[in-house]
1. Which condition from (1) modelled with pLDDT of 95 or more; (2) touching a Ser or Thr at 6+ places or on another chain (Cβ under 8 Å); (3) over 24 Å from residue 225 (Cβ atoms) is the one that residue 173 breaks?
2. Taking residue 290, is it of a type in the set (A, V, I, L, M, F, W, C) and modelled with pLDDT of 50 or more?
3. Any chance region 95-109 includes a residue that's out of contact with any Lys or Arg (no Cβ under 6 Å at 6 or more places or on another chain), modelled with pLDDT of 95 or more and surrounded by 23 or more Cβ atoms within 10 Å (Cβ to Cβ)?
4. Looking at residue 149, is it buried (at least 24 other Cβ atoms within 10 Å of the Cβ), among the β-branched types (Val, Ile, Thr) and within 17 Å of the chain's Cα centre (by Cα)?
5. Only one of 274, 194 is touching a strand residue (DSSP E or B) at 6+ places or on another chain (Cβ under 8 Å) and surrounded by fewer than 20 Cβ atoms within 10 Å (Cβ to Cβ). Can you tell me which?
6. What are the pairs with Cβ atoms under 8 angstrom where one residue, in region 233-258, is in contact (Cβ under 8 Å) with a residue 24 or more places away in the chain and the other, located anywhere, is basic (Lys, Arg) and in a loop (DSSP other than H, G, I, E, B)? Sequence gap at least six, or different chains.
7. Condition check: assigned to a helix (DSSP H, G or I) and of a type outside the set (Phe, Trp, Tyr). Does residue 84 satisfy that?
8. In the list 176, 215, which residue meets the criterion of being assigned by TED's automatic domain parsing to the domain that holds residue 101 and surrounded by fewer than 17 Cβ atoms within 10 Å (Cβ to Cβ)?
Amino acid sequence: MNWITEKLKRFKPKIKNLFRVKIGPEGKLWESCSCGAVLFKQDLKDNLYICNKCDKHHRIEPKERFQVFFDEGQFQEISPMLPAIDDPLLFTDSKSYGMRLRKAREDTGQHDSVMLATGKINNIYVVAGAMNFNFMGGSVGRAAGEAFVAGAEFAYANRLAYVFFSCSGGMRMQESNLSLMQMPRMIVAINSLKQEKLPFISVCLDPTTGGTTASVALLGDVNIAEPKALIAFAGARVIKETVREELPPGFQTAEYLQEKGQIDLIIQRKDLPKVISTLISQLTNKNKVFISDSNKINEQQQSPLGSITNASP
């Protein structure tokens, strides 16, 4: 091997990385994928935010999630009650908790990390909740816990299935025990639905970790995940250092958890409405026909919030 080949071998990764990061205005017209592909953002959106090179399911915010999930992108938001005080502990690290909340609200347009909506999937009305990882890592505090419970209460009152999309780093440290208290509250809400034989479908997105995994994410009547989603309680590095053992290949991925029985189904994003509507139809025994194939329903439902209008983009 001559000296030119050696030089090229040394600098090739740097050159490749340079183009991966610098091509186009990131976040405006182009977006880079972890596989190294640079994707035109409109093409990525048209493909439901899935990389056409490596099939990575990129994170999307709740409104985008609902537009993909509900029939024709139509849904109505459900507004939960909000805590009267944002920062009960006056928590401060490098910034005050109040400042972090204000910044997250400005960046996402949401009051907190969980958003609720109701709409139809294949002509079946459901309640859906989704976490926004861009809002403080999708962490769960009092407002997020209250939103989850409000979604369950709405489903309970209107006899609807509850579908929840988890994408979270866990509980919110800035609220300490007030955050941890949301774990049993959310579990009790799920149990209330199960007592009434109302389906709770859990969908784990990338990543689903910490207290969210330890509480609601794996308590669905059916636990679903998107491909290659990271699903864990503690991080792999922490576990490896604790047990001092090499971890199996693919540890904490959706595929690994399905092999071990914690995840029931791994479903592509485009197929989630079809699969979930069929599951709900069979679990509630309201429709003997596969709705995804026939678009028929034996028992027509009416929206509990009245007419549904087009969601704002």
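The values are calculated or read from the model by the stated rules, or taken from the named source; none is laboratory data. These figures come from a predicted structure and were not determined experimentally. Here Cβ is always computed from backbone atoms with ideal geometry, including for glycine, and neighbour counts include all displayed protein chains.
1. Answer for residue 173: the failing condition is (1).
2. no
3. No, region 95-109 contains no residue that is out of contact with any Lys or Arg (no Cβ under 6 Å at 6 or more places or on another chain), modelled with pLDDT of 95 or more and surrounded by 23 or more Cβ atoms within 10 Å (Cβ to Cβ).
4. Considered against the rule, which asks whether it is buried (at least 24 other Cβ atoms within 10 Å of the Cβ), among the β-branched types (Val, Ile, Thr) and within 17 Å of the chain's Cα centre (by Cα), residue 149 comes out as no.
5. Result of the check over 274, 194: 194.
6. 253/228; 254/228; 255/228
7. It is false that residue 84 is assigned to a helix (DSSP H, G or I) and of a type outside the set (Phe, Trp, Tyr).
8. Just one listed residue meets the conditions, 176.
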